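One structure is given below, encoded as C-alpha cells.
Coordinate-derived values only; no laboratory data. Owing to the predicted nature of the structure, the values given are computational and were not obtained by experimental measurement. Ideal geometry is used to build each Cβ from the backbone, glycine not excepted, and the neighbour counts take in all protein chains shown.
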Amino acid sequence: MSAIPSTAERPVFGSITLKAVMALTGIVLYGFVFVHMVGNIQLYQGPEKINGYAAFLKAVPPLLWGTRITLLAAVVLHGLAAFTLWRRNLAARPVGYAHQDFQAAGVTSRTMYWTGPVIALFVIYHLLHFTLGSAHPQFSHTDVYTNVVVGFSNVWVSGFYVLAMVALGFHLFHGGFSLFQTLGLRTPKYEKPIKAVLAVLCTVIVVVNVSFPIAVLAGLVK
C-alpha cells in the first residue's frame, strides 16, 4: 500500500486550479487579441486615423496602463500555469511512448508546446519593435503609421510576423477549445459548432493580422 503524500509533497495548486487559471487568463488574452486586431484595421484608413487612435489611447493613462497591467498579469499567469502543467505531465511519464497514434489529436493540439514559446518571443519582439522602439530603425512615438510601414518594409521582419500569426491561430484554436472543456461547456452536442466558430474566428484573426505586413510589402500601404 502506497504511503499518502505529506502536505509538503503536495502541490500548492492542483491541476484543475491551474487549468482554470489558464482558461480565465485565456479569455482575457483572446479579447485583447481581437480588440487589438480591430484597432489595427485603421491602418487602411490612412495615417490620421490610426495615429489619432494611438493618441487617444495615450491621452487616457488609466485605460492604457490598466490594460497593460492586466495583460501582463494574464500573460505571466497563463505562462506559469502552462509550464507547471507541462512539467507535471513530463514527470508523470518521463519515458516517452514507443509509438504515438495522433489520429485523435489534431495538428493544433500537437503544436501547442511550440506555438506558446513562439508567441512569447513574438510578444517580446513586438514590444521592442512597436512600443518601446528599441528594435525599430526609425521609431516615432507619435507616428504609428510610419512605424508600421518602415517596420514591415523589412521582409525578414514581416516573415517573422506572418509565422507568429500562424502560430497564434493554432494556439487560439486549441486553447479556445480547451477553454470550453475546462469551463464544462464542451458537450458532444455542441462540439462541432464550437469548433466551427473557433475556426472562423481564428482564421479571421490570422488573415487580418497577416494582411498588414503583406500590404506593406506589396506597396498597398505606403
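Scan the chain and note any complete DSSP helix (H) whose C-alpha atoms cover at least 30 Å along its axis and whose Kyte-Doolittle average is -0.5 or more.
Answer set is 15-40, 61-92, 155-182, 191-217.
Could you give the length gained by full extension between Ala59 and Val123, i.e. 0.36 nm per residue of separation minus their alpha carbon distance, to one decimal place?
That pair, Ala59 and Val123, stretches by 20.7 nm at full extension.
Sorted by packing (mean other beta-carbon atoms within 10 Å per residue), highest first, where do 120-132, 20-32 land?
Answer by packing, highest mean first, reads 20-32, 120-132.
As a test of the definition: which semi-axes, in Å, follow for region 124-163 when you take the square root of five times each eigenvalue of its alpha carbon gyration tensor? Largest first, please.
Values for region 124-163, descending: 16, 11, 7 Å.
Determine, at each q value in 0.10, 0.14 (inverse angstroms), the log₁₀ of I(q)/I(0) that the Debye formula gives when each Cα of the chain is one equal point scatterer.
-0.56, -0.99
At a threshold of 8 angstrom on Cα-Cα distance, excluding pairs fewer than six apart, so keeping six or more, what relative contact order does the chain reach in percent?
26
When you count, for each residue, the other Cβ atoms within 10 Å and take the mean per peptide, how do 76-88, 206-218 rank with the highest first?
206-218, 76-88
For Lys49, give me every one of the lysines with a C-alpha distance below 29 angstrom, ignoring sequence neighbours fewer than eight places off in its own chain.
Leaving aside lysines fewer than 8 places away in the same chain, those within reach of Lys49 are Lys58, Lys222.
Kindly provide the helix-only [θ] at 222 nm of the chain, computed as the sum of -39,500 (n - 2.57) over DSSP H runs of four or more divided by all residues, to the nearest 500 deg cm²/dmol?
-23500 deg cm²/dmol
Given charges of +1 on the Cβ of Lys and Arg and -1 on the Cβ of Asp and Glu, with all other atoms neutral, how large is the dipole of the chain about its Cα centre, in debye to the nearest 20?
Once rounded to the nearest 20, the dipole reads 440 debye.
In Å³ and rounded to a whole number, note down the convex hull volume per residue for the Cα atoms of region 31-94.
Given the Cα convex hull of region 31-94, per-residue volume reads 92 Å³.
Using 0.36 nm per residue of separation minus the Cα-Cα distance, give me the extension gain between Thr131 and Ala218 in nm, one decimal.
Using 0.36 nm per residue and subtracting the Cα-Cα distance, I get 28.9 nm.
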